[in-house]
Each structure stands twice: as structure tokens, then as C-alpha cells.
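*Asks:* For reference, the structure I am asking about is given below.
The values are calculated or read from the model by the stated rules, or taken from the named source; none is laboratory data. Predicted, not measured: the structure shown is a model, and the values here were computed from it. A quick note on method: Cβ atoms are made from the backbone with ideal geometry, for glycine too, and the neighbour counts reach across all protein chains shown.
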Amino acid sequence: MSKGYFTIYSIGQEFSIDSENINAFGESASPFLLVPINLHLNPLRSNNDKNVPFVVTHLEAYITFEGFKFKTAQTSKPLNVEVTKSHIWNGQLEFQLDENRVAVIEKHRNGDIKFSIWITVHYGVLSTVSVKNMLNMPEEIRYINERGDTHANASIIIQQSQWLKKILPGLGFQSFKLIEMPISSDLIPEEFAQSSKELEEAAKFFKLGDYDKTVAHCRSALDPLYRSIEVLKPLLKGKSEKDWLDDVTLHSFKWFDTIVKQTWRLSSKSHHIPSMDHFDRHDAEIIYLISTALVAYFGKIKLPEK
């Protein structure tokens with residue numbers, strides 16, 4: 001539970017947010033981050049130590065995620081919460097997060113999500129006046145005789161599992177664009193299955209933010225294909241496919257090895273060496289997509305018709 005504190009006329013007030021209940025909805029069409037918030041409100045005190053009621057008329061808030069140098073999202077919520085005694089108001093703030101903002105958050109995320117929330121509480125101090133109604137009976141009417149605002153902030157952490165399994169799907173965000181893969185390969189079924197499994201592991205570690213292990217599994221996904229080149233070449237009669245195997249794939253493997261040479265041990269099959277933070281999200285995404293494209297192309301190679 002994250003808490004922030006503020007005062008109204010020297011009377012302590014509080015707000016709280018349960019990060020475990022933060023959610024999202026709207027998916028990609030209209031994505032919103034839903035932040036439940038509780039206002040713990042206490043009445044003001046007069047000089048003769050009597051309660052002075054007030055009303056919360058408006059709530060403004062903005063959030064700043066770690067890695068941003070500016071407001072990530074902001075919202076405004078009209079309210080009409082009268083406080084005559086200690087009172088807890090339960091509500092929800094809705095922050096719109098488009099795909100570009102979520103992509104920046106993912107780029108800078110390393111495990112859990114960390115962000116700050118800043119709120120401005122607009123209020124009015126209430127006074128009472130006695131008037132006569134239409135039946136000529138006395139009636140008390142409250143009105144705002146003074147307005148003001150006050151500020152507070154809190155730091156919030158969203159657990160990585162909650163962010164990945166609950167919030168990102170609610171926002172409709174895809175970690176990266178997928179390339180359609182063949183189900184199997186007629187010519188190299190075992191090698192293709194092994195490569196596909198390694199790519200699944202790479203995707204899993206990418207979503208977890210472990211980009212070194214993502215690259216390691218991409219490297220392992222290409223190993224079976226590299227070994228199968230000499231097996232495939234005699235089976236192909238078309239010059240274009242042979243040229244592709246000789247030129248494009250070999251150059252791609254060489255490029256890949258150049259990229260990962262600083263983490264060659266990490267990229268071995270054992271995967272037991274811990275991540276060393278050599279690659280960032282952008283690096284891993286490019287390597288994953290190129291590796292997936294290579295595996296997909298190998299999967300679609302077929303024997304020429306007789």
C-alpha cells in the first residue's frame with residue numbers, strides 16, 4: 001500500500017493506493033491504466049475546536065514512470081465529497097496510455113514497474129446560513145465561502161508478473177510484432193522444431209526483460225539451421241534457393257556472431273551464465289525478429305517438384 005500526505009488548514013489528510021489492484025482496460029483501441037485511490041479525509045477545526053465541514057470539488061493527478069523526464073499521463077476527476085466527520089472516499093483514476101508511451105515504459109523497464117503519482121486536491125470550506133423556505137420554515141443551507149488546493153505525491157511499484165500478465169494485455173500492448181511461423185518443416189523437422197522451441201524461450205525472456213538471455217536463445221535457435229545448410233543444398237535444384245542459402249543465410253549468421261561476440265559464452269547452449277546487461281530491449285527485439293525471419297524461411301523451404 002502506497003501512501004501520500006497533505007494538509008488542509010493544518011489538518012492532516014491522506015491518500016492511499018493499493019498497487020495490487022491497479023488494472024487496465026480498453027485494449028489498443030482506447031487503453032487506460034486504472035488506479036484505485038482512497039482519500040482519508042478529516043474535517044477542519046474552528047478556533048473554538050468545533051468541526052468545520054469542507055467539500056472536495058475536484059481531483060487532478062499525473063503519473064511519471066521511471067525513465068520518463070516528463071508527465072507520462074494525467075487525468076482530472078470532478079467530485080462532490082462533503083466531509084463533516086472523518087471519512088474515506090473510494091474512487092478510481094483513469095490514465096490514458098497509448099502504445100507509444102507503453103513502448104517507452106517497456107524500453108526502460110527492468111523488472112518491476114516504478115512510477116510516481118502526484119495529486120492536486122481542490123476543496124471548498126463550507127459555511128452555513130439560515131434562510132426561510134417556501135413554507136416560511138427555517139432551513140440551513142451550506143455554501144462554499146473559501147476555496148483552495150493542496151498537493152501530495154507517492155511512489156508506487158507494480159510487480160513484474162502483474163504488469164506482464166494483467167496490465168499489458170488490458171492495454172492491448174504487444175511486446176513485439178510477431179512473424180507467422182510454419183508449423184513444421186518437411187526437410188529438417190527435428191532441427192526446425194528445436195529452433196522453434198528456442199525462439200519460444202527467447203520470447204519468454206524478452207517479456208521478462210532479460211535481453212541477454214533473449215539473444216542467447218536466438219543464437220541457439222540458429223545453430224540447428226546452420227548445421228542443416230549442407231544437408232539442404234544437395235536437395236535443392238533451384239538456383240535462387242541455393243544462392244539464398246549460400247549468401248543471405250551465411251552473411252546473416254556472420255552478422256549475428258559479430259553482434260554477440262562480446263557475450264559468446266552467454267550465448268552458449270548451457271544458458272547457465274547469468275545475464276550481464278550487454279543488450280538493451282531494442283537490440284534484443286531486432287535480433288529476435290531477424291532470427292525468427294530466418295527460422296521461418298528455413299521452415300518454408302520445400303523439395304522441388306519432380
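*Asks:* Consider only pairs whose beta carbons are under 6 Å apart and that are at least six residues apart or on different chains; among these, list those whose first residue lies in segment 1-23 and is surrounded by fewer than 12 Cβ atoms within 10 Å (Cβ to Cβ) and whose second residue is outside any loop (DSSP other than H, G, I, E, B) and of a type in the set (S, T, N, Q).
*Replies:* Filtered contacts from segment 1-23: M1/S16.
*Asks:* Is there a residue in segment 104-117 that is out of contact with any Phe, Trp or Tyr (no Cβ under 9 Å at 6 or more places or on another chain), surrounded by 14 or more Cβ atoms within 10 Å (Cβ to Cβ) and not acidic (D, E)?
*Replies:* Initially, segment 104-117 is screened for residues out of contact with any Phe, Trp or Tyr (no Cβ under 9 Å at 6 or more places or on another chain), giving 107, 110-111.
Remaining after also requiring surrounded by 14 or more Cβ atoms within 10 Å (Cβ to Cβ): 110.
Checking which are not acidic (D, E) leaves us with 110.
So far as segment 104-117 goes, yes, one or more of its residues are out of contact with any Phe, Trp or Tyr (no Cβ under 9 Å at 6 or more places or on another chain), surrounded by 14 or more Cβ atoms within 10 Å (Cβ to Cβ) and not acidic (D, E).
*Asks:* Here is a list of conditions, (1) in contact with an Asp or Glu (Cβ under 7 Å, 6 or more places away or on another chain); (2) within 30 Å of D280 (Cβ to Cβ); (3) exposed (fewer than 14 other Cβ atoms within 10 Å of the Cβ), and L34 meets all of them except one; can you say which number that is?
*Replies:* Status for L34: all satisfied but (3).
*Asks:* What about V55, is it surrounded by 15 or more Cβ atoms within 10 Å (Cβ to Cβ), closer than 16 Å to F95 by Cα and out of contact with any helix residue (DSSP H, G or I) (no Cβ under 8 Å at 6 or more places or on another chain)?
*Replies:* Considered against the rule, which asks whether it is surrounded by 15 or more Cβ atoms within 10 Å (Cβ to Cβ), closer than 16 Å to F95 by Cα and out of contact with any helix residue (DSSP H, G or I) (no Cβ under 8 Å at 6 or more places or on another chain), V55 comes out as no.
*Asks:* Still on this structure, please answer the following. Having 3 or more residues that are within 29 Å of T84 (Cα to Cα) is the bar; report the strands (runs of 3 or more DSSP E) wholly within segment 4-52 that clear it.
*Replies:* Working: elements: 11-17, 23-25, 32-41.
Hits in segment 4-52: 11-17, 32-41.
*Asks:* Then there is this: Would you pick out the residues in segment 97-113 that are among the acidic types (D, E) and in contact (Cβ under 8 Å) with a residue 60 or more places away in the chain?
*Replies:* Step one: filter segment 97-113 for residues among the acidic types (D, E), giving 98-99, 106, 112.
Selection gives D98, E99, E106.
*Asks:* Given the structure, is H122 part of a strand (DSSP E or B), in contact with an Asp or Glu (Cβ under 7 Å, 6 or more places away or on another chain) and modelled with pLDDT of 90 or more?
*Replies:* On the way: part of a strand (DSSP E or B): yes; in contact with an Asp or Glu (Cβ under 7 Å, 6 or more places away or on another chain): yes; modelled with pLDDT of 90 or more: yes.
Here the answer is yes, as H122 does meet what is asked.
Residue-by-condition table, conditions (1) free of Cβ contacts under 8 Å to residues at least 60 places away in the same chain; (2) of a type in the set (V, I, T); (3) under 18 Å from N21 (Cβ atoms); (4) part of a strand (DSSP E or B):
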| site | (1), (2), (3), (4) |
| --- | --- |
| H58 | no, no, no, yes |
| T64 | yes, yes, no, yes |
| V81 | yes, yes, no, yes |
| I88 | yes, yes, yes, yes |
| G91 | yes, no, yes, yes |
| E94 | no, no, yes, yes |
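*Asks:* Just to verify a result, which residue in segment 83-103, among those that are surrounded by 15 or more Cβ atoms within 10 Å (Cβ to Cβ) and more than 22 Å from F173 (Cα to Cα), is nearest to the chain's Cα centre (by Cα)?
*Replies:* W89
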